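The structure appears below as structure tokens.
The values are calculated or read from the model by the stated rules, or taken from the named source; none is laboratory data. Because the structure is predicted, anything quoted here is derived from the model rather than measured. When we count neighbours, we look across all protein chains shown, and the Cβ atoms used for this are built from the backbone with ideal geometry, even at glycine.
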């Protein structure tokens, strides 16, 4: 009878990769799904994305728990939006004919909401539990409990919508001749115009900001900045700005407070937090001369602003502040186009950058304002899909080596992909090792075939096992069998087989796996290393910490707070 | 948990593939490659760009050796590369501030890369600055002179043309050519340095479309007017200066394209009868009509490709939305349809020493490449590849090798491949191989690339001896079609015991050769006996893309 042996793994000679390195793994499987095609959304339960293979687009989902993928829909979709943990998308089913669909991420709950033809702009608005769209007559539709409600009669081309409640919306739409803007309001199921103003600014479209019981609007007329306040009952008046702040450029709302960007002579280099009665301000933050605030979004506790150098086609920067308008240290990076500002994680705010020297840089800001930077080379940054309720987020990156854009998971260990193929051993366990082959069967399923060449009491022993492989696994358990009873290269004789034990394989780094072998006779935990092979290095990519030291940064842009 | 019987997962059936993609160049060698390479004397010449620097390198796939021909240098330019007499000519600009272009040539080796002469050449990024016509290479000096270039000499014709369209020339022989001065819209003939203006032979408003010498006759095809739909005409100019306007001949009116095939002169003629048809016509050596060969209705012949034994002709429909057809016409003027489709474009034509290749890539995500093989015996074979996107192909009439630049659609990584009858030892050998009748025994093969870029094959063989399990292992470097690896058996240690010394004894040798995508022959030498095993791959589609499937023409 064999005795149970516990073998302790020896210290490895390799330098351990810092624990906070993070690996990326492509999500879209080309052979089954094709290439990632521009749309991705993360709900609480699923990652939903569009892929394209052989000119055919499909909508796929991956269950965040089981990592099981499903094809939700085959066909051309657009306007993928999320609301109340559902995704909504428009489907073009004939030339210039669109319908609204929804899905909870499962195939069985992916359905067309209505036969109603919707406009080509698809979904106009998703916020505060509401999805608004247009029908082909450009009338406004609202989705409630997966039912479509038609606001009826008046065709609109909304630029911005302010939602007071289900039946009280204020809509800003553009009128072509003469060029002006119209404010309309839904009362019951009817849309009525109630205010009109001129704006000759073709570049910046006015956008509502909802704060308290009012909506605020800024626009430019005859080079003059104008501001409006619209009350819930439809009253419109010029916003009377506090005397102690200069001309307001734009509004935004954060944690139930109204903020404005303002400045003298079109240099809007200050942000002010207005007091609740809107008569003065209690906090402000100014940029150094030469920089102006151009826009702002709010993410968790933070305000992420887009700042531009104040000259023609000046560079753009992201500048992040807290609710009290203290500047948060931000990776210093400029670009000509910044449309992507920041994303919400359950506790952190995440934003991405690209810089030729550092590559893709991710900045994490925790709720206690701790800032961390991570970077990866050989990729371009495209965006992030995240969800305030999910610890997982997915990166959209373009490989500089292959030119392909893909969605990547972000995790502290590599996932099992083709890079696990190969031969693995421990230097100090002589002439023994593990051979792993990943394959894809003709039916499209993936498997991991493992053979273990070793010894038993001085005699050669080999074990083999096979296991199904699912997406996004970073560990797998394989039952290993021992075979005996036949002669060398003996044809047509089946050997005896006997379960020898269970082998757990977990990927630790690109070139190191942790194995645990458990049987009646053995309980062995051991690290194995890849025998020198760089064939799959291109599949193993990781973010590493980037020190914040020596960032020239923020001093160039930010002045001290008031 | 589902238990799967090991080594009995059969691949459905053996497929017989005739051609395989095999990687020709290590990935590092094609890094920074911007355009398609050139094939000179079995060497691929690669123009590489890195940041603002450009270089010329060559790679010999027979010896796996690379050489730097022109080193990377800032602001250097290498333009107007043209292949001529199995040499590569190009203009090198080394001083970014001066417009000095020097003519260089290379045979693909560093020692054979030299400056041709000290002249300063007109240079541009287009190909027009260097052109080959009738086996003569022409260039232009920066003051309007025309240069005929020979191996070790050159002739400068001081004709002071302001800007000549070198792509359109008639070259009768040394020091005797007809050229268009594009800037002044004149056509002139230069004979031994004497310039004679031929412009008065053309209508007042004309646009030269093409010029070609066939059987000592210069055919100038032109549009009679500057409108896009102006009628086309042809002026024939013989070496003795006699000329003929085709529109003045009833049988030749409507001719819009002239070409040589099998030493005969052919033309396409648009017949203005209804429905509009187009005829392939053979001309006599003096330019008169010999016979009408082939007339097709409802469209016009368009572009052609001339292979060694065939014409590939595009026939465009009168109706824009109908299919274009490609016909393959042999020297007896028998023809067969090769392909039809809306907006069908001409394929790439790549001649080699023995076989001509015609390549139809599909530029959509179906990732299909169709390769037509036209052998000297005029036999047509068609192969279909799926799994790669086509970037380029390059061949030479002095070599049988054709190189393809392909991007793997799964990994999206680019590489250069050659076509062989069977897979070579390479990435597609990776996997598990077995004979279904050798129960629970098999061979694992792994191609690896070390960090020092050397490649190796590691193999482990799982079998039995005297009823007990036996495994054998070995590895070897490789760069050939088959590989022989010494196999060793090991014993004397315990299950995963650290520092447990093992004994090793030589079991024998295994020779591995790939016969097809999923077929492999392993020959094991042991105890002076040799056993041959025909193994098949355990179900795995990963490497199918390396095999081309033959289709029926």
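If you go through segment B:408-426 and pick out every residue that is in a loop (DSSP other than H, G, I, E, B), under 17 Å from residue B:453 (Cβ atoms) and more than 7 Å from chain A (Cβ to nearest Cβ), you end up with 2. Scanning segment A:490-539 for residues that are assigned to a loop (DSSP other than H, G, I, E, B) and more than 27 Å from residue B:454 (Cα to Cα) turns up A:490, A:491, A:492, A:493, A:494, A:495, A:519, A:520, A:521. Flag: residue B:430 matches the condition of being closer than 25 Å to residue B:383 by Cα, more than 28 Å from the chain's Cα centre (by Cα) and either surrounded by fewer than 21 Cβ atoms within 10 Å (Cβ to Cβ) or facing another protein chain (nearest Cβ under 8 Å) (or both).
Yes or no, residue by residue, for (1) facing another protein chain (nearest Cβ under 10 Å); (2) at negative phi; (3) exposed (fewer than 15 other Cβ atoms within 10 Å of the Cβ):
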position	(1), (2), (3)
B:483	no, yes, no
B:487	no, yes, no
B:502	yes, yes, no
B:508	no, no, no
B:537	yes, yes, no
B:541	yes, yes, no
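Of all the criteria given as (1) at pLDDT below 90; (2) at negative phi; (3) facing another protein chain (nearest Cβ under 7 Å), the one not satisfied by residue B:492 is (2). Looking across segment A:462-489 at every residue that is more than 13 Å from residue B:464 (Cβ to Cβ) and not in a strand (DSSP E or B), the one that is farthest from the other protein chains (Cβ to nearest Cβ) is identified as A:474. Considering B:254, B:241, which residue is more than 31 Å from the chain's Cα centre (by Cα) and over 26 Å from residue B:327 (Cα atoms)? Of B:254, B:241, the one residue that is more than 31 Å from the chain's Cα centre (by Cα) and over 26 Å from residue B:327 (Cα atoms) is B:241. Quick check on my filter: what residues within segment A:452-488 are surrounded by 21 or more Cβ atoms within 10 Å (Cβ to Cβ) and on the phi > 0 side of the Ramachandran plot? Result: no residue meets the conditions. Of the residues making up segment A:104-113, just one is at pLDDT 95 or above and part of a strand (DSSP E or B), namely A:110. One residue is enough: does segment A:230-250 have a residue meeting the conditions in a loop (DSSP other than H, G, I, E, B) and within 35 Å of the chain's Cα centre (by Cα)? Looking through segment A:230-250, at least one residue is in a loop (DSSP other than H, G, I, E, B) and within 35 Å of the chain's Cα centre (by Cα). State yes or no: is residue B:443 buried (at least 17 other Cβ atoms within 10 Å of the Cβ), in contact (Cβ under 8 Å) with a residue 60 or more places away in the chain, in contact with a strand residue (DSSP E or B) (Cβ under 8 Å, 6 or more places away or on another chain) and at the interface with chain A (Cβ under 7 Å from one of its Cβ atoms)? It is false that residue B:443 is buried (at least 17 other Cβ atoms within 10 Å of the Cβ), in contact (Cβ under 8 Å) with a residue 60 or more places away in the chain, in contact with a strand residue (DSSP E or B) (Cβ under 8 Å, 6 or more places away or on another chain) and at the interface with chain A (Cβ under 7 Å from one of its Cβ atoms).
For segment A:265-274, check the following and say yes or no: at least one residue is at pLDDT 95 or above, crowded, with 19+ Cβ neighbours inside 10 Å and over 31 Å from the mean Cα position of the chain (by Cα). Within segment A:265-274, one or more residues are at pLDDT 95 or above, crowded, with 19+ Cβ neighbours inside 10 Å and over 31 Å from the mean Cα position of the chain (by Cα). Screening segment A:402-446 for strands (runs of 3 or more DSSP E) wholly inside it with 2 or more residues that are at the interface with chain B (Cβ under 10 Å from one of its Cβ atoms) and farther than 21 Å from residue A:374 by Cβ returns the ranges A:422-425, A:433-440. Scanning segment B:134-187 for residues that are touching a residue at least 60 places away in the same chain (Cβ under 8 Å), crowded, with 18+ Cβ neighbours inside 10 Å and either more than 23 Å from residue B:118 (Cα to Cα) or assigned by TED's automatic domain parsing to the domain that holds residue B:222 (or both) gives B:170, B:172. Of all the residues in segment B:26-42, those that are modelled with pLDDT of 85 or more and in a loop (DSSP other than H, G, I, E, B) number 4. Among the strands (runs of 3 or more DSSP E) confined to segment B:320-389, the ones with at least 1 residues that are under 21 Å from residue B:294 (Cα atoms) and out of contact with any helix residue (DSSP H, G or I) (no Cβ under 7 Å at 6 or more places or on another chain) are located at B:324-330, B:335-341. On inspection, residue B:66 does not qualify as within 24 Å of residue B:548 (Cβ to Cβ) and at pLDDT 90 or above. Of all the numbered requirements in (1) without any contact (Cβ under 8 Å) to a residue 12 or more places away in the chain; (2) over 46 Å from the mean Cα position of the chain (by Cα); (3) more than 8 Å from chain A (Cβ to nearest Cβ), residue B:452 misses one, and that requirement is (2).
When every residue of segment A:37-50 is checked against the conditions, at least one turns out to be crowded, with 18+ Cβ neighbours inside 10 Å, closer than 25 Å to residue A:133 by Cβ and free of Cβ contacts under 8 Å to residues at least 24 places away in the same chain. Evaluated against (1) more than 30 Å from residue A:386 (Cβ to Cβ); (2) in a strand (DSSP E or B); (3) more than 8 Å from every other protein chain (Cβ to nearest Cβ); (4) within 33 Å of the chain's Cα centre (by Cα), residue A:398 falls short on exactly one condition, (1). Restricted to segment B:375-412, and to residues there that are without any contact (Cβ under 8 Å) to a residue 24 or more places away in the chain and farther than 30 Å from residue A:30 by Cβ, the residue that is surrounded by the most Cβ atoms within 10 Å (Cβ to Cβ) is B:375.
The condition (being assigned to a strand (DSSP E or B), in contact with a strand residue (DSSP E or B) (Cβ under 7 Å, 6 or more places away or on another chain) and modelled with pLDDT of 80 or more) is satisfied by just one residue among B:45, B:49: B:45.
For segment A:105-138, enumerate the residues that are crowded, with 20+ Cβ neighbours inside 10 Å and farther than 24 Å from residue A:163 by Cα. Matches in segment A:105-138: A:105, A:110. Consider segment A:41-69 and keep the residues that are in a strand (DSSP E or B) and over 28 Å from residue B:368 (Cβ atoms). The one that is nearest to the other protein chains (Cβ to nearest Cβ) is A:62.
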